[in-house]
Amino acid sequence: MQRTFLQRVATTSRTTRSSVVRSARLARCLSTSRPLAAPTSLHTLTEEEQMLKESVRRFAVEEVGPKVREMDENEMMDPKIIQGLFEQGLMGIETSAEHGGAEASFTSAIIAIEELARIDPSVSVLCDVHNTLVNTILRKYGTKEQRDKFLPMLAESKVGSFCLSEPASGSDAFALQSRAVQDGKDWIINGSKMWITNSYEAEIFLIFANVDPSKGYKGITCFIATKDMGIQIAKKEQKLGIRASSTCTLNFDDLKVPEENIIGGLGKGYKIAIEILNEGRIGIAAQMLGLAQGAFDKAVPYTYERKQFGQPVGTFQGMAFQIAEAATQIEAARLLTYNAARRKEEGLPFTKEAAMAKYFASVVAQKVSGSAIEWAGGVGFTRETGIEKFWRDSKIGAIYEGTSNIQLNTIAKFIQKEYS
């Protein structure tokens with residue numbers, strides 16, 4: 001039905017009055033005695049974060065870069081690289097100065113992980129697990145005595161390892177079978193762990209075992225153990241990618257751990273694992289982000305150097321569009337990752353955002369590194385350029401610290417809760 005001119009004028013008049021009222025209300029809301037902080041982009045870093053980024057990039061390029069291929073071929077981390085990580089302060093990024101750390105922000109840790117991954121994702125994940133899982137658990141849940149004893153060692157000289165996964169408990173982490181039985185003031189742990197990152201080099205281990213199977217996952221408890229207590233490395237895995245990063249099977253045969261080495265209390269291990277893996281997923285997102293950027297950085301310059309049919313191959317529309325799309329995807333992954341990190345720092349809910357960042361960054365890492373090989377053609381398929389290594393390394397992003405399907409399931413649950 002067509003409205004008359006007066007009806008349209010009346011509607012316009014009401015709309016105008018409503019707009020004036022809303023504008024007045026908005027003005028009152030914005031008129032405060034305190035100056036409002038100007039909004040910033042997610043790329044805005046503090047002075048300390050920017051300095052750290054530049055420092056880590058130099059270390060990665062100058063110290064890690066020349067050793068990447070050798071470490072990959074040997075499937076072994078160079079001890080000098082690990083020593084360098086400690087000397088650079090990268091093994092205690094959030095740890096307090098009192099305990100020998102840098103006392104920097106969580107985003108600083110994410111930046112460091114990203115920068116290392118641009119050169120070698122294997123070095124990146126060693127630093128990541130050590131910082132976002134091991135150090136964080138001790139900082140958040142450890143007693144003062146535990147923090148005073150272990151954090152200085154973890155910041156200055158000893159690698160840490162997070163021991164959760166088992167043969168029968170991968171994605172279903174709380175189906176773990178390792179058992180801990182009390183013996184006076186000690187606990188005796190029996191069982192095994194699989195796919196444990198950093199375990200070959202580590203001297204400090206956080207072990208999850210069940211003290212009361214009748215309680216199910218509520219019996220899971222986190223213990224601190226040291227290598228000299230008798231932790232056995234049963235097998236060092238030979239992997240498709242991140243070969244320099246150790247992944248081992250561990251056996252515990254009557255491993256005796258003192259009662260004071262329980263973290264967070266009996267039966268609190270499941271809560272610790274859930275909360276800490278949410279943070280860890282932002283670290284893996286950063287690793288995958290850096291990996292994608294590293295592959296992009298290696299392949300794209302080559303496309304402008306190699307000429308076919310009288311012009312650089314990167315200037316052909318087909319390839320130019322692929323490069324533009326990859327750059328857009330990398331930027332989107334970076335924004336998701338930085339957003340999750342900042343939300344965590346601000347004390348906001350970040351579980352969904354962490355899952356989104358890890359899922360998307362893993363997808364982008366595989367896609368960009370795979371495309372980078374094709375952009376470089378036959379050269380990209382050889383080991384000489386190092387581009388193919390990024391693709392091999394990228395595959396783990398969809399698997400560890402929660403598979404891509406686990407991330408999608410987490411995201412879906414939040415959406416269902418919000419809309420149903």
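The values are calculated or read from the model by the stated rules, or taken from the named source; none is laboratory data. Being a predicted model, the structure only gives us computed values, none of them experimental. Ideal geometry is used to build each Cβ from the backbone, glycine not excepted, and the neighbour counts take in all protein chains shown. Remember, those area values only see protein heavy atoms, side chains included, never the ligands or the DNA or RNA. Shrake-Rupley method; radii C 1.70, N 1.55, O 1.52, S 1.80 Å.
Details
- P(r) for the chain, from all Cα pairs and a bin width of 10 Å, is 5, 20, 28, 22, 12, 7, 4, 2, 0, 0 %, short bins first.
- For Met319, solvent-accessible area (1.4 Å; no DNA, RNA or ligand), Å²: 40
- In segment 112-202, one over the average inverse separation of all distinct C-alpha pairs is 14.9 Å, which is the Kirkwood hydrodynamic radius.
- Entry comment: accessible area of the chain is 48 Å² per residue, from protein heavy atoms only and a probe of 1.4 Å.
- Accessible area of the chain belonging to carbon and sulfur atoms, whole % at 1.4 Å probe: 54
- For the set Thr95, Thr44, solvent exposure ranked by accessible area (probe 1.4 Å, protein chains only) runs largest to smallest as Thr44, Thr95.
- Computed over the chain: relative contact order in percent, which uses C-alpha pairs under 8 Å that are six or more apart: 15
- Rounded to the nearest 20 debye, the dipole magnitude of segment 163-266 is 340 debye, with +1 charges on Lys and Arg beta carbons, -1 on Asp and Glu beta carbons, and the Cα centre as origin.
- The label-point distance for Arg306 and Ala327, in a model that sets each label 7 Å from Cα toward Cβ, rounds to 2.0 nm.
- The simple Förster model, with R0 at 30 Å and r as the Cβ-Cβ distance, assigns Asp228 and Glu48 a FRET efficiency of 0.25.
- With a cut-off of 20 Å on the backbone N, the residues of segment 331-358 near the modelled label site 7 Å out from Ser420 along Cα-Cβ are 351-353, 355-356.
- Principal-axis tilt of helix 47-59 within the chain, Cα atoms, nearest 10 degrees: 60
- Simple rule: put +1 on each Lys or Arg Cβ and -1 on each Asp or Glu Cβ in segment 270-419, find the dipole, and look at Asn278, Gln322, Gln416; the Cα lying farthest toward the positive end is Gln416.
- Take every pair of alpha-carbon atoms less than 8 Å apart whose residues are at least six positions apart; their mean separation over the length of segment 47-158 yields a relative contact order of 31 percent.
- Working from Cα pairs under 8 Å separated by at least six residues, relative contact order for segment 297-354 is 18 percent.
- Here segment 47-158 was treated as a single set of alpha-carbon atoms; its pair distances binned every 5 Å from 0 give 2, 13, 25, 24, 18, 11, 6, 2, 0 percent.
- Greater than 22 Å apart at Cα, pairs in Lys344/Lys367; Lys367/Lys395; Lys149/Lys218; Lys236/Lys352: Lys344/Lys367; Lys149/Lys218; Lys236/Lys352
- Computed over segment 163-266, the ratio Rg/Rh where both radii use C-alpha atoms and Rh is Kirkwood: 0.97
- The accessible-area ordering, largest first, of the residues Lys367, Lys413 stands as Lys413, Lys367, per a 1.4 angstrom probe.
- Using the Cβ-Cβ distance between Glu346 and Arg58 with R0 set to 25 Å, the FRET efficiency from 1/(1 + (r/R0)^6) comes to roughly 0.25.
- Spatially proximal aspartates and glutamates relative to Lys67 (Cα-Cα < 17 Å; intrachain offsets below 8 disregarded): Glu75, Asp78, Glu115, Asp120, Glu384, Glu388, Asp393
- Euclidean distance of C-alpha centroids, segment 93-172 and segment 38-85, integer Å: 15
- Spin-label model distance (nm) - Ser41 vs Thr315, 7 Å beyond Cα toward Cβ: 2.8
- Förster radius 30 Å - calculated FRET efficiency between Phe381 and Glu275 (Cβ-Cβ, nearest 0.05): 0.10
- Anisotropy class of segment 297-420 from Cα gyration tensor, a/c 1.5 cut: prolate
- Paramagnetic label zone (point 7 Å from Cα along Cα-to-C-beta, Asn251; backbone N under 14 Å) in segment 159-193: 190-193
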